[in-house]
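Dropping the structure in here first, questions after.
The values are calculated or read from the model by the stated rules, or taken from the named source; none is laboratory data. Please read these numbers as outputs of a predicted model, since none were measured by experiment. No Cβ is skipped: glycine too gets one built from the backbone with ideal geometry, and neighbour counts run over all protein chains shown.
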Amino acid sequence: MIEGMERIIREHRFFAGLDDETLAFVAGCTRNVRFDAGQYLFHAGEPANEFYLIRHGRVALELPVPGKDAITFQTAGEGDVVGVSWLVPPFRWLHDARATDLVRAIGVDAKCLRRKCDDDHNVGYEMMQRFVPVLVDRLQATRLQVLDVYGTSR
Amino acid sequence: MLPVARRVVRTRRELADVWTIEIEPEGDSFAFLPGQFNMLYAFGVGEAAISISGDPAESGRLVHTIRAVGKVSEALARTRPGDVIGVRGPFGVGWPVEAADGADVVVVAGGLGLAPLRPALYRLFGERHRFGRVVLLCGARSPKDILFRSEIEHWRARLDIEAAVTVDHADREWRGNVGVVTTLIGRAAFDPSNTVAFVCGPEVMMRFAAIELESRGVRPEAIHLSMERNMKCAIGHCGHCQFGGDFVCKDGPVATFEQLRRRLALREI
C-alpha cells in the first residue's frame, strides 16, 4: 500500500525528484481522496491539516465574499498542489478550495509532515524549496491579474 | 506606397469591441506571411497598422481582426460590406514557422494576440506532419472576452493538438481554467530543448510568458514575440516605431526574446 503511494507521489509533478528517504516519509502521511463536483476540499479559516496533490480533475481556489458569489482567483489541475498555508503559522486556510468536477487526489497529513519538518530541518528545507515557488508563482500571477493587461471590453 | 482602394466584403463581430473584416484582395490573390500586417486606411479618418488574421493558404481572402480602441480602429471596425478602405502592405517580419520544422511548437496568445497568431496556427495545422507536439495556450480577461472561441473549441477537439484556455476572472458558470496564461506553460507537455515558441499579447504578458518558457528550458533565441508600437510609414523611414536600434515595422514586428530581452526591461523605450 505504502509502496503504491510512493510510486504515485514519485510520479506526481510536484514531488518530482524527491529523495527516497523523504519520499518514504511523505508516503506514510498520505491517503487517497476523492471529491465530487461542488464538494469543498477545505474552507477559509479552517485548520490547515491536510493538503492535496491533484491527480485528476480541477479545483477552484476561491475567496468568499459576504453576500456575493465567491471569486475564483485560480484553478489547479493535474500535477498541481492545493494548500500552502499548512507550512506557516497560524496553519489555517486563507481561501476555499472547491472541486469543479470529479477530483482524485492524494491527501497529505500536514500535521504529520509539520512534525517531521520540525524534527528534521533538511525535510523542512525541502518542503520550503517546493512550496515557496508555488507562493511566488501565485504572487506573480496575482500581480498580472491586478494589472488587467487585456483591458476592458465595453 | 500609396494605399489601394479595396472593398469590404464581409464583417463579423467577434467580441463586444472586436470585429473581423474581410477585404477583397487586389487581383485574385494577396500573398502574405503569418505575422505580417497591413496599413489600413479609413478614408477621412486615418491609417492604422492591423495584423492579418486570415489563412495564408487562402490568398483570395484578406482578413483582419480589429479592436475598436481609437478613432481609426473604430472606423475600420465598424465598416460594412460594400464600404471601401485603403490597403498598403503586407509589411514586416512574420512568425518563422519554417524554423519550427521537426520541433515542438508552443503558441501563447493573450487577448487579441490570438489574431496575429491565427495565420501561423492555420499553417501549423495545415502542415501538421512537419512538427512535433503543437501546444496552444490562450489567455483572456474573462469568458466573454475569449477571441475565436468556437474555433478554439474546434481545435481542442483535434487529437493532435493540445489546446488550453484560461481566463483572469470568471464567475461560477465558467468550468475552465482561471489564472493568467503563464500558469498554463508549466502544465503543458513539450520538449523544451527542441521547442519553438510564438508569443503574442500585451507586452507585459509576453515578457512573463517568455521568462516562464525560458525557465522551462526553451532557448531564448527560439522564443518569438510580436511587438506593437505606433507604426506610421511601415517602411522604416518615419521613426515612429523605433525600438532601440530597430524599427518595429521593418525589423519586426516578430523578433526573438534573445533580441528583445534587454529592451523589454527598459522603461524609456
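Just wondering, is there one or more residues in region B:146-161 that are at pLDDT 95 or above and within 13 Å of another protein chain (Cβ to nearest Cβ)?
yes
Looking only at residues in region A:73-95 that are of a type outside the set (Gly, Ala, Ser) and touching a His at 6+ places or on another chain (Cβ under 8 Å), which one is modelled with the lowest pLDDT?
Per the stated criteria, the residue is A:Phe73.
For residues that are within 16 Å of the chain's Cα centre (by Cα) and of a type in the set (D, E, K, R), scanning just region B:116-163, find the one that is surrounded by the most Cβ atoms within 10 Å (Cβ to Cβ).
B:Arg118
Oh, and also: Restricting attention to region B:24-44, report how many residues are of a type in the set (A, V, I, L, M, F, W, C), farther than 23 Å from B:Ala255 by Cα and in contact with a Pro (Cβ under 8 Å, 6 or more places away or on another chain).
Residues that pass the stated criteria total 1.
Let me ask another. Please verify whether region A:128-145 includes one or more residues that are over 19 Å from B:Arg141 (Cα atoms), acidic (Asp, Glu) and within 14 Å of chain B (Cβ to nearest Cβ).
The answer is no, given that none of the residues of region A:128-145 is over 19 Å from B:Arg141 (Cα atoms), acidic (Asp, Glu) and within 14 Å of chain B (Cβ to nearest Cβ).
Right, next: Out of region B:249-266, which residues are within 23 Å of B:Cys238 (Cβ to Cβ), surrounded by fewer than 17 Cβ atoms within 10 Å (Cβ to Cβ) and among the charged types (D, E, K, R)?
Residue satisfying the conditions is B:Arg263 alone.
Go through region A:53-62 and count every residue that is in contact with a Ser or Thr (Cβ under 9 Å, 6 or more places away or on another chain) and within 12 Å of chain B (Cβ to nearest Cβ).
Counting residues in region A:53-62 that are in contact with a Ser or Thr (Cβ under 9 Å, 6 or more places away or on another chain) and within 12 Å of chain B (Cβ to nearest Cβ) gives 6.
Could you check, for region B:121-130, whether at least one of its residues is at the interface with chain A (Cβ under 9 Å from one of its Cβ atoms) and free of Cβ contacts under 8 Å to residues at least 12 places away in the same chain?
No: zero hits.
Go through B:Gly139, B:Gly113 for me and flag whichever is closer than 26 Å to B:Asn38 by Cβ, of a type outside the set (Lys, Arg), facing chain A (nearest Cβ under 10 Å) and in a strand (DSSP E or B).
B:Gly139
Of the conditions (1) under 21 Å from B:Gly176 (Cα atoms); (2) charged (D, E, K, R); (3) touching a residue at least 24 places away in the same chain (Cβ under 8 Å), A:Lys111 satisfies every one except a single condition; which number is it?
Every listed condition holds for A:Lys111 apart from (1).
Regarding region A:110-130, can at least one residue be identified that is in contact with a strand residue (DSSP E or B) (Cβ under 6 Å, 6 or more places away or on another chain) and over 24 Å from A:Gly4 (Cβ atoms)?
No - not one qualifying residue is present in region A:110-130.
Could I ask something else about it? If B:Val69 meets every condition in (1) within 14 Å of chain A (Cβ to nearest Cβ); (2) under 22 Å from B:Val254 (Cα atoms) apart from one, which number is that one?
Checking B:Val69 against (1) within 14 Å of chain A (Cβ to nearest Cβ); (2) under 22 Å from B:Val254 (Cα atoms), the one that fails is (2).
Follow-up. Looking only at region B:183-204, which residues are without any contact (Cβ under 8 Å) to a residue 40 or more places away in the chain and of a type in the set (S, T, N, Q)?
Selection gives B:Thr183, B:Ser193.
How many residues are away from every other protein chain (no Cβ under 14 Å), touching a strand residue (DSSP E or B) at 6+ places or on another chain (Cβ under 6 Å) and touching a residue at least 60 places away in the same chain (Cβ under 8 Å) when one looks only at region B:2-19?
9
Turning to a different aspect of this structure: Looking at (1) at pLDDT 95 or above; (2) in contact with a Phe, Trp or Tyr (Cβ under 6 Å, 6 or more places away or on another chain); (3) under 30 Å from B:Gly217 (Cβ atoms), find the lone condition where B:Gly92 falls short.
If we test B:Gly92 against (1) at pLDDT 95 or above; (2) in contact with a Phe, Trp or Tyr (Cβ under 6 Å, 6 or more places away or on another chain); (3) under 30 Å from B:Gly217 (Cβ atoms), just (1) comes out false.
Right, something else. Counting only residues that are among the aliphatic types (A, V, I, L, M) and away from every other protein chain (no Cβ under 11 Å), which one in region B:164-213 is surrounded by the most Cβ atoms within 10 Å (Cβ to Cβ)?
Among those that are among the aliphatic types (A, V, I, L, M) and away from every other protein chain (no Cβ under 11 Å), it is B:Ala197.
Sticking with this structure for a sec: Which condition from (1) without any contact (Cβ under 8 Å) to a residue 24 or more places away in the chain; (2) closer than 24 Å to A:Cys117 by Cβ; (3) away from every other protein chain (no Cβ under 14 Å) is the one that A:Ser85 breaks?
That leaves (1) as the condition not met.
Every residue in region B:126-136 that is in a helix (DSSP H, G or I) and either under 16 Å from B:Val107 (Cβ atoms) or of a type in the set (A, V, I, L, M) (or both), please.
Correct list: B:Gly126, B:Arg128, B:Arg130.
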